[in-house]
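One structure below.
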Amino acid sequence: MREWISAKTTKVAVFLLALAPLAWLAAHPLGPNPVETITHATGDWTLRFLVLTLAVTPLRKLLGLPELIRYRRMLGLFAFFYGSLHFLTYLWLDKFFDTADILKDVYKRPFITAGFTGFVLLIPLAVTSTAGWILRLGGKRWRMLHRLVYVSALAGVVHYYWLVKSDVRGPLLYCALVVVLLLWRANSSLRSRTSR
Amino acid sequence: MPLKRPISVWSEVTPKRVYLNRRRFMAGAMLAAAAHRLIAGARLNVALKSPFSTSEPQTSLDVITHYNNFYEFGTDKAQPANLARDFKTSPWTVSVEGAVSKPRTFDLDMLMKLAPLEERIYRHRCVEGWSIVVPWIGFPLNALIKQVEPLSSAKFVAFQSSFDHRQMPQAQWAGIAFPYVEGLRIDEAVHPLTLLAVGLYGEALPNQDGAPIRLVVPWKYGFKSIKSIVKIRFVEQQPPTTWNLATPREYGFYSNVNPTVDHPRWSQAKERRLGEFFKRPTLMFNGYGDQVASLYAGMDLRKNY
Ligand code: HEM
């Protein structure tokens, strides 16, 4: 298992798998409202990759598989990748780069404000995701900075909750996942503090 | 029973022109039996073209039947095409009651005899910011209203959709209350643009589009055009409406298409006509201002959204 997790081929396979939603989107008819289909698919996958990224640390501990760490950066960057496609879809296909209209949206519409917050917070994390930046910032400061991903995921969930019209099953499911993953962290950091 | 399920399934897989020809042949053969029968997919006799029709390109039948907000059959717009397939629309009655001198229950055959069927090609604008152009078949709601003779105390008309949780198991997840209810002011209800639709593209309504009979109010957001109507009640007070009950701040009673009053969560200034890449500006009253603006003279449409 451990060797398999660490194998180069596994990593390549996971990388390709993470591109599958994009390939699926490109290969399928997009239905009566293509822009909506693309917006929803990219939004869904942004949130899914954020949840997967947040799940890596708990899974490492729970399963006793520390080598899962090899996938955390990749998953996080895929969240950023799908988030960028999602944001670009909005900027281009929804708003046609109408800056005034976009700024008005970000300022006036709580669901856009939340989504925008979630995405903007991912930018510094994507930029500082390299080994060089970890060295430059130092492990402790780097870890502090990267806790912003918690806020980003919560903002994503709030964004989703605010945008649905009445059927809240989707947002509540992701809300539950994110909350469980964050509570696990809170609990484990509390315990390590008290045992010290 | 002529013209049942298999034929309406063809329409999904056969190019429109081919199946229309085939349909015309079949319909010719069966006209005597099927005339004015409301069975999903049955060809209707359309006597009149309407001067209210737009000449804009019509949205394809495929889009009109696979992109439906019909929350009784699921909140995903692709779901009703599948989940409404076996919805039972016959026998069907519409009870017309309340402040009228002649309350009556109409079955479908009675409804079909109220007035000659017209084709009305209307723009249909959803509150979500998309629009379509639909060749409805139907007759003015006013033809039905005349039959029951409303009392002068009737100031509003309340409509109710069919609701059967056994046939609509997805409804429990919709997050809105059922049965779906809607309402119009009496002058809106008798307005010549207000249609009771029983078909589209020359055929009886597909189930997912509100079979067997639905309202079409083209100058209001689509959710006002209540589907699968079973009850129409004339009342003195403004009746409750489903989306207004769910989120009063977002959906008002009037819900006239209005590009200058944004929905709290999105702008209403533009819309995407399905099938088009660029958005187009949304027109006041969805472009029906000449006919309906006078109904709202002196009203603050920002307050009465
Ligand atoms: C962390 C960042 C973000 C996440 C996780 C996220 C996630 C989502 C999700 C899950 C959906 C719903 C998909 C569905 O219904 O299946 C969605 C829809 C949407 N998102 Fe985002 N999003 C993010 C950022 C943004 C940003 C920055 C914008 C634009 C400024 C944006 C604009 C939209 C729009 C316009 C919709 C569609 C709304 C509708 O259909 O009414 N999102 N997003």
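The values are calculated or read from the model by the stated rules, or taken from the named source; none is laboratory data. Here the structure is a predicted model, which is why all the values come from computation and not from measurement. Every residue, glycine among them, receives a Cβ derived from its backbone with ideal geometry; neighbour counts consider all protein chains shown. Side chains included, ligands, DNA and RNA excluded: accessible areas come from the protein's heavy atoms. Shrake-Rupley method; radii C 1.70, N 1.55, O 1.52, S 1.80 Å.
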Looking only at the range B:255-289, count every residue that is away from the ligand (no atom under 16 Å from the Cβ), touching a helix residue (DSSP H, G or I) at 6+ places or on another chain (Cβ under 8 Å) and open to solvent by less than 40 Å² (accessible area, probe 1.4 Å) and tell me the total.
6
Say whether the condition of being more than 17 Å from A:THR113 (Cα to Cα), open to solvent by 30 Å² or more (accessible area, probe 1.4 Å) and more than 9 Å from the ligand (Cβ to nearest atom) is met by at least one residue in the range A:162-170.
yes
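Mind checking whether some residue in the range A:41-63 is within 30 Å of B:LYS279 (Cα to Cα) and surrounded by fewer than 20 Cβ atoms within 10 Å (Cβ to Cβ)? Break it down stepwise before answering.
Quick first cut of the range A:41-63, residues within 30 Å of B:LYS279 (Cα to Cα) only: A:41-48.
Cutting the leftovers down to surrounded by fewer than 20 Cβ atoms within 10 Å (Cβ to Cβ) gives us A:44, A:48.
Yes - at least one qualifying residue is present in the range A:41-63.
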Criterion first (within 16 Å of the ligand (Cβ to nearest atom), out of contact with any Lys or Arg (no Cβ under 6 Å at 6 or more places or on another chain), open to solvent by less than 30 Å² (accessible area, probe 1.4 Å) and in a helix (DSSP H, G or I)) does A:PRO124 satisfy it?
no
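In the range B:56-162, which helices (runs of 4 or more DSSP H) lie fully inside it and hold 3 or more residues that are touching a Cys at 6+ places or on another chain (Cβ under 8 Å)? Lay out the reasoning, then the answer.
Working: elements: B:61-64, B:79-83, B:108-112, B:141-148.
Output list is empty.
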Check whether at least one residue in the range A:57-64 is basic (Lys, Arg), touching a Pro at 6+ places or on another chain (Cβ under 6 Å) and under 22 Å from A:ALA7 (Cα atoms), and report yes or no.
yes
Kindly list the number of the only condition in (1) under 22 Å from A:ALA176 (Cβ atoms); (2) within 16 Å of the ligand (Cβ to nearest atom) that fails for A:PHE80.
(1)
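I'd like to know if the range A:70-77 contains one or more residues that are among the aromatic types (Phe, Trp, Tyr) and either near the ligand (Cβ under 9 Å from one of its atoms) or surrounded by fewer than 16 Cβ atoms within 10 Å (Cβ to Cβ) (or both).
no
Please state which one of A:ARG141, A:ARG109, A:ARG147 is modelled with pLDDT under 95 and not hydrophobic (A, V, I, L, M, F, W, C). It would help to see each step written out before you state the result.
On the way: A:ARG141 fails: modelled with pLDDT under 95; A:ARG147 fails: modelled with pLDDT under 95.
When all the criteria are applied, what remains is A:ARG109.
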Among the listed residues B:THR59, B:THR75, B:THR105, which satisfies the condition of being within 17 Å of the chain's Cα centre (by Cα) and at pLDDT 95 or above?
B:THR59
Please list, ordered by first then second residue, the pairs with beta carbon atoms under 7 Å, 6 or more apart or interchain, first in the range B:213-227 and of a type in the set (A, V, I, L, M), second part of a loop (DSSP other than H, G, I, E, B).
B:LEU215/B:SER225; B:LEU215/B:ILE226; B:VAL216/B:SER225; B:VAL217/B:THR194; B:VAL217/B:SER225; B:ILE226/B:TYR180
Subset of the range A:96-121 that is among the β-branched types (Val, Ile, Thr) and over 17 Å from the mean Cα position of the chain (by Cα) - its residue that is farthest from the ligand (Cβ to nearest atom):
A:THR99
In the range A:78-104, the residues that are buried (at least 17 other Cβ atoms within 10 Å of the Cβ) and hydroxyl-bearing (Ser, Thr, Tyr):
A:TYR82, A:THR89, A:TYR90
B:THR194 fails exactly one of (1) modelled with pLDDT of 95 or more; (2) open to solvent by 10 Å² or more (accessible area, probe 1.4 Å), namely (2)
Between a first residue in the range A:105-122 that is within 14 Å of another protein chain (Cβ to nearest Cβ) and a second residue that is acidic (Asp, Glu), which pairs have beta carbons less than 7 Å apart while being 6 or more apart in sequence or on different chains?
A:ILE112/A:ASP105
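Across the range B:96-120, what is the total count of residues that are under 22 Å from B:VAL148 (Cβ atoms) and open to solvent by 30 Å² or more (accessible area, probe 1.4 Å)?
Initial filter on the range B:96-120 (under 22 Å from B:VAL148 (Cβ atoms)): B:96-118.
Those left that are additionally open to solvent by 30 Å² or more (accessible area, probe 1.4 Å): B:97-98, B:101-105, B:107, B:109-110, B:113-114, B:116.
Number satisfying all stated conditions: 13.
Out of all the residues in the range B:51-71, which are among the hydrophobic types (A, V, I, L, M, F, W, C) and more than 10 Å from chain A (Cβ to nearest Cβ)? Lay out the reasoning, then the answer.
Step one: of the range B:51-71, the residues among the hydrophobic types (A, V, I, L, M, F, W, C) are B:52, B:61, B:63-64, B:70.
B:PHE52, B:LEU61, B:PHE70 - these are the residues of the range B:51-71 that are among the hydrophobic types (A, V, I, L, M, F, W, C) and more than 10 Å from chain A (Cβ to nearest Cβ).
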Count of residues meeting criterion [without any contact (Cβ under 8 Å) to a residue 40 or more places away in the chain, within 16 Å of the ligand (Cβ to nearest atom) and not in a helix (DSSP H, G or I)] in the range A:127-147
1
Select from the range B:169-178 the residues that are in a loop (DSSP other than H, G, I, E, B) and either more than 17 Å from B:ALA81 (Cα to Cα) or more than 14 Å from chain A (Cβ to nearest Cβ) (or both) and list them in ascending order.
B:GLY175, B:ILE176, B:ALA177, B:PHE178
Taking into account only those residues within the range B:290-305 that are in contact with a His (Cβ under 9 Å, 6 or more places away or on another chain) and open to solvent by 30 Å² or more (accessible area, probe 1.4 Å), which is nearest to the other protein chains (Cβ to nearest Cβ)?
B:TYR305
